[in-house]
Amino acid sequence: MNRGYVVNRLRYAPGDAPLFTLATGPVDAYPAVLRALGSPVPYDYDPSFQATYQRVAEKLHAVVKAETVPVILQGEPVLALEAAAASLIARDDVVLNLVSGVYGKGFEGWAARGGARVLELAVPYDRVIAAEAVAAMLHQHPDVTVVAACHHDTPSGTINPVDEIGAVVARHGALFLVDAVSSFGGMGVDAGTCRSDMFVSGPNKCMGCPPGLSFIGVSQRGWAKMRANPAAPRDSVLSVLDWEHAWRSDRPFPYTPSVAEVHGLEAALDLYLAEGPENVWARHLVTARACQAGVVAMGLALWPAEARFASPTTTAVRIPAGSDDAALRAEMRARYGVVCSSGRGETLGKLIRIGHMGPTAHPMYSVIALTALGGALRALGVPVNLAAGIEAALEVIS
Ligand SMILES: *Cc1c(COP(=O)(O)O)cnc(C)c1O
C-alpha cells in the first residue's frame with residue numbers, strides 16, 4: 001500500500017495506508033513485536049514452545065502481579081471479559097456493575113447471562129465512579145457478591161479510581177472483576193494495586209501488540225469461586241478453568257495456543273521490562289498531558305467533565321458545536337494522514353479520541369495529533385488557536 005504523499009492529489013486517499021495511526025486500539029505495534037510475529041511457528045507441543053509459553057506466562061506474572069500466574073486466552077480481550085464473567089459469576093450471585101461508559105455498560109449482559117441479579121451504579125459518561133458511592137451502594141445492598149468495574153472506559157477517555165474502589169470491595173468481602181484492557185501497561189495499575197480477583201487485560205492496547213490475545217490475573221479466591229461454580233464453562237473457548245495449569249511446560253494445552261501472538265507478547269514484555277514500567281507510564285502521562293493542554297489552549301473542550309478524570313492513555317475531545325465528527329476525522333486523515341478514533345455507542349459523534357498507547361505514547365505524537373486536529377478544524381471553518389495549542393503542548397513536553 002502507498003504510504004507516501006501523492007503529490008498530484010495532495011491528499012491521502014482512503015485506500016492509502018495512513019501515515020500516523022493515533023487510534024485508541026488497535027495500536028501501531030512495536031517493530032520488535034512485528035519481527036517476533038514473523039519468527040518460525042513451532043509445533044505447540046515441541047518442548048521449545050512449551051518452555052516459551054511458560055516463560056511468557058511468568059514474565060506476565062511479574063507485571064500483572066496477580067496472586068497466581070495469569071491465564072493467557074487465545075483471542076482479543078472481549079474473549080477474556082466474556083470468559084471471566086461466564087466462569088466466575090453463578091446464578092446465585094448478586095453483581096454490582098459500575099457504569100461510567102460503554103464498556104462498563106456492556107459488561108451487564110455477560111454478568112446477567114447465567115441468571116445472576118445485576119445491580120447498577122451509573123454516572124454520566126463524562127464522569128467517573130467515586131469509591132464513596134460504591135461504599136454507599138454496598139452498604140445498601142449487603143448481599144452483593146461480585147463487583148465489576150471498567151478501569152479506563154476507552155470510549156470516554158476517563159479513568160475510574162479502581163485502587164480505591166478495590167479497597168472498598170475488599171472491606172465488603174465481594175469479589176472484584178476489573179477490565180483494565182486499555183490502561184494496563186500504560187499506567188501504574190495491576191492486579192495487586194486494585195486488589196482484584198479477576199484482572200482482565202490484553203497486549204493490544206498499551207503493550208503495543210496487534211489484537212489476538214488476552215490475559216486474566218486471578219486471585220486464589222477467584223480460582224476457588226470458579227471451581228465452585230457449577231455453571232463455569234469447561235471444554236469451551238469461554239473456559240478460564242481449562243487454562244489454569246496450561247502455563248506450565250509439563251501440562252497440556254486445552255487447545256492450540258496462538259503461537260505467533262505468544263512470540264509477539266514476549267517481545268512486548270521484554271521491551272516493557274527493559275524500558276522499565278515506570279518509564280513507560282511516564283511517557284504515556286506526559287504525552288497525554290501535552291495533548292490535553294494543547295486541546296484546551298486551542299480553544300476546544302476535553303470530553304471528561306473534570307481534567308482529573310482524563311486518562312493518561314487517551315485524550316477525548318468534544319466535537320465543537322456545529323461540526324461533524326466523521327467529517328473531522330476524514331479531513332485529518334485525507335489532509336495529514338493522521339488517524340484518530342471516533343466515539344462509540346453513546347459517545348459516537350460527540351467526541352474524537354487520540355490514543356497514547358505503546359509506540360504512540362511519545363510526546364511528539366501529541367504535537368502531530370494537535371496539528372492535524374487544529375488544521376482539519378480550520379479547514380472545515382471552525383476557528384481554533386493552533387499556535388497556542390502547540391505552544392501549550394511544547395511547554396508540557398519541555
Ligand atoms: C479495547 C477494549 C476492550 C476490547 O474490546 P474491543 O472493542 O473488541 O477492542 C475491552 N475493554 C476496554 C475498556 C477496551 O478499551
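Enter the Cα centre distance for the pair segment 346-391 and segment 264-307, rounded to the nearest angstrom. Answer, in whole Å: 14.
Based on DSSP H segments of at least four residues, each scored -39500 (n - 2.57), the chain has a per-residue ellipticity at 222 nm of -12500 deg cm²/dmol. Pairs of Cα atoms nearer than 8 Å and 6+ residues apart set the relative contact order; for the chain it is 23 percent. Spin-label model, residue 301 to residue 117: label points 7 Å out along the Cα-to-beta-carbon direction sit 3.9 nm apart.
Report the charge-dipole magnitude of the chain in Debye, nearest 20, computed about the Cα centre from +1 at each Lys and Arg Cβ and -1 at each Asp and Glu Cβ.
Roughly 700 debye, rounded to the nearest 20.
Phi angles of segment 241-255 translate, via the Karplus equation with coefficients 6.51, -1.76, 1.60 and θ = phi - 60°, into HN-Hα couplings of 4, 4, 9, 3, 9, 5, 5, 7, 5, 9, 10, x, 7, x, 7 Hz per residue; Gly and Pro are given as x. Counted over segment 75-169, the DSSP beta bridges are approximately 20% antiparallel.
Amide H to amide H, with H built 1.01 Å from N, residue 68 comes under 5 Å of 218, counting only residues 5 or more places away or on other chains.
Subtracting the Cα-Cα distance of residue 362 and residue 249 from 0.36 nm times their residue separation leaves 37.0 nm of extension gain. Ordering 48, 281, 175 by the projection of their Cα atoms onto the charge dipole of the chain, which places +1 on the Cβ of Lys and Arg and -1 on the Cβ of Asp and Glu, puts 281 at the extreme positive end. The HN-Hα couplings worked out from phi for segment 109-122 by the Karplus form 6.51 cos²θ - 1.76 cosθ + 1.60 (θ = phi - 60°) are x, 5, 5, 8, 4, x, x, 5, 7, 10, 9, 10, 10, 10 Hz, whole numbers, x standing for Gly and Pro. In terms of Cα atoms, the Rg and Dmax of the chain work out to 21.4, 68 Å.
Across segment 325-336, rounded Karplus estimates of 3J(HN,Hα) from the backbone phi angles (6.51 cos²θ - 1.76 cosθ + 1.60, θ = phi - 60°) give 5, 5, 5, 5, 5, 5, 5, 4, 6, 5, 7, 10 Hz, Gly and Pro being marked x. Rounded to the nearest 10 degrees, the angle from helix 386-397 to the longest Cα principal axis of the chain is 50 degrees.
Taking a point 7 angstrom from the Cα of residue 143 along the C-beta vector, which residues in segment 70-112 have backbone N less than 12 Å away? Residues passing the 12 Å test: 92-95. Comparing mean-square fluctuations of 386, 175, 348 from a GNM of the chain with C-alpha springs under 10 Å, the top value falls on 348.
Ordering of 233-240, 89-96 by packing is 89-96, 233-240, highest average first (other Cβ atoms within 10 Å, averaged per residue). The modelled label-to-label distance for the pair residue 132/residue 234, using points 7 Å beyond Cα in the direction of Cβ, is 4.8 nm.
Backbone amide hydrogens, once placed in the peptide plane, bring residue 153 within less than 5 Å of 158, 160, excluding anything fewer than 5 places away on its chain.
Candidates 90, 269, 389 compared by Cα position along the dipole of the chain: farthest toward the positive end lies 389, with charges placed on Cβ.
Note on the chain: dipole from Cβ charges, positive end direction compared against 320, 230, 292; the farthest Cα belongs to 320.
Nearest 20 debye, what's the magnitude of the dipole of segment 5-132 about its Cα centre given +1 on Lys and Arg Cβ and -1 on Asp and Glu Cβ?
Working: 11 positive and 14 negative charges, 73 e Å.
With Lys and Arg at +1 and Asp and Glu at -1, about 340 debye.
Modelled spin-label separation between residue 67 and residue 278, with each label point placed 7 Å from Cα along the Cα-to-Cβ direction: 2.8 nm.
Fewest neighbouring Cβ atoms within 10 Å first, the residues 390, 165 line up as 390, 165.
Among 152, 356, 284, 141, sorting on how many other beta-carbon atoms sit within 10 Å of each Cβ, with the fewest leading, yields 141, 284, 152, 356.
Summarising the amide proton neighbourhood of residue 302: residues at separation of 5 or more, or on other chains, whose placed amide H is nearer than 5 Å comprise 318.
Each of 250, 28 has some number of other Cβ atoms within 10 Å of its Cβ, and from fewest to most they run 250, 28.
Here, each number is a calculation from the coordinates, and none is a lab measurement. Keep in mind it's a predicted model, so treat the numbers as computed, not measured. Here the Cβ is made from the backbone with ideal geometry for all residues, glycine too, and neighbour counts use every protein chain on show.
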